[in-house]
Amino acid sequence: MQAMEISRTALDVEWRSLELIAQNLANANAPAASSAEVYKPLQLVTATKGSFAEHLRRGASGMGPGDLLGVEAAAVRANETPPRLVHEPGNPNADAAGYVAYPAVDHAEQMTLMIKSARTYEANIVAMYTAREMYSKALEIGRRS
Amino acid sequence: MSIAPVAAIEAAATILNPAAAPSPTQPSTSVPFSQMVTNGIDGISSKILNADASVRAFTLDDSVPVHQVTFALEQARQSLELMMQMRARLVEAYQQLMNMQL
């Protein structure tokens, strides 16, 4: 059931992606005293599953894709966009000039990513159902009664 | 100058000389049928145990994503269905042999 296994890897990746988006949104309003220690939005880097050497070899020799292994979460990267500096002299986190650093979480971007993740997740579940239906149909080949 | 024409000639050679080409009807290894069935049932059993373990892990703490649990259950169910189909066909074949007029 290679097709279902491929879809499952995509489900894992989208699940992880949603976890990161949740973490970003949860920390969107967590202020810090300086830009250095403020929360940095996380983003998932995905990659086609398979070893790097294998990809390189196939790419160099012009061969098609090898075994279809799906996708994987390659890394989690912190977004280095500078934080929002808000002038709030009354805030306990304010620095000497009265500025508070808020994480550079773009709400619109996070919501878009969230919808994208949810839709990709759904699409992969539908692909999985289709694979299952094809499998069930194949089991009916040659069945009597 | 590319490699492709040479490959085409080699393919044609195997068509002209079928004895050299590996025959698909001849199994390379002689595994007894009962052994194949036993191996298959062992595989299905391990899938069911796997599903069982993931359900247990999910009930203990839900750090495991739900889809991994349902996927393991689904895989176990499909393997079981395949086994039941195999069984149905085996029984059918056996009955046909038993009903043979001698």
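For B:Ser79, the conditions (1) surrounded by fewer than 11 Cβ atoms within 10 Å (Cβ to Cβ); (2) under 18 Å from the mean Cα position of the chain (by Cα) are fulfilled apart from (1). Within segment A:70-77, does at least one residue satisfy the condition of being under 19 Å from A:Trp15 (Cα atoms), among the charged types (D, E, K, R) and without any contact (Cβ under 8 Å) to a residue 40 or more places away in the chain? Yes - at least one qualifying residue is present in segment A:70-77. For segment B:59-73, the set of residues classified as touching a Lys or Arg at 6+ places or on another chain (Cβ under 8 Å) and at the interface with another protein chain (Cβ under 7 Å from one of its Cβ atoms) consists of B:His67, B:Phe71, listed by residue number. Of everything in segment A:10-27, what is touching a residue at least 40 places away in the same chain (Cβ under 8 Å) and surrounded by fewer than 16 Cβ atoms within 10 Å (Cβ to Cβ)? Give them in sequence order. A:Leu25 - this is the single residue of segment A:10-27 that is touching a residue at least 40 places away in the same chain (Cβ under 8 Å) and surrounded by fewer than 16 Cβ atoms within 10 Å (Cβ to Cβ).
For A:Val105, the criteria (1) surrounded by fewer than 16 Cβ atoms within 10 Å (Cβ to Cβ); (2) out of contact with any strand residue (DSSP E or B) (no Cβ under 6 Å at 6 or more places or on another chain); (3) outside any helix (DSSP H, G or I) hold in every case but one, which is (1). Being charged (D, E, K, R) and loosely packed, with under 14 Cβ neighbours inside 10 Å, is that true of even one residue in segment A:89-102? No: segment A:89-102 contains no residue that is charged (D, E, K, R) and loosely packed, with under 14 Cβ neighbours inside 10 Å. Take the conditions in contact with a Ser or Thr (Cβ under 6 Å, 6 or more places away or on another chain) and either modelled with pLDDT of 90 or more or assigned to a loop (DSSP other than H, G, I, E, B) (or both) and apply them to B:Ile44. Does it pass? Yes: the conditions hold for B:Ile44. Within segment A:99-124, the set of residues being acidic (Asp, Glu) and at pLDDT below 95 comprises A:Asp106, A:Glu109. Condition check for B:Leu49 on (1) more than 27 Å from A:Ile125 (Cβ to Cβ); (2) without any contact (Cβ under 8 Å) to a residue 12 or more places away in the chain; (3) aliphatic (A, V, I, L, M): one failure, at (1). Checking each residue of segment B:58-65 against the condition of being surrounded by 13 or more Cβ atoms within 10 Å (Cβ to Cβ) and in contact with an Asp or Glu (Cβ under 8 Å, 6 or more places away or on another chain) gives at least one match.
Restricting segment A:39-69 to residues that are among the aliphatic types (A, V, I, L, M) and under 15 Å from A:Val13 (Cα atoms), the residue that is surrounded by the most Cβ atoms within 10 Å (Cβ to Cβ) is A:Leu44.
Number of residues in segment A:120-133 that are within 11 Å of chain B (Cβ to nearest Cβ), among the aliphatic types (A, V, I, L, M) and free of Cβ contacts under 8 Å to residues at least 12 places away in the same chain: the value is 0.
Scanning segment A:6-18 for residues that are facing another protein chain (nearest Cβ under 9 Å) and out of contact with any helix residue (DSSP H, G or I) (no Cβ under 6 Å at 6 or more places or on another chain), we see that the one that is farthest from B:Gln75 (Cα to Cα) is A:Arg16. Can you say whether A:Tyr99 is hydroxyl-bearing (Ser, Thr, Tyr) and free of Cβ contacts under 8 Å to residues at least 60 places away in the same chain, as far as the supplied structure shows? Judged against the criteria, A:Tyr99 is a match. Here A:Ile21 fulfils each of the conditions (1) touching a Phe, Trp or Tyr at 6+ places or on another chain (Cβ under 8 Å); (2) of a type in the set (Val, Ile, Thr); (3) part of a helix (DSSP H, G or I) apart from (1).
The values are calculated or read from the model by the stated rules, or taken from the named source; none is laboratory data. Quick caveat: nothing in here was measured; it's all calculated off a predicted structure. So basically every Cβ, Gly included, is an ideal-geometry build from the backbone, and we count neighbours across all protein chains shown.
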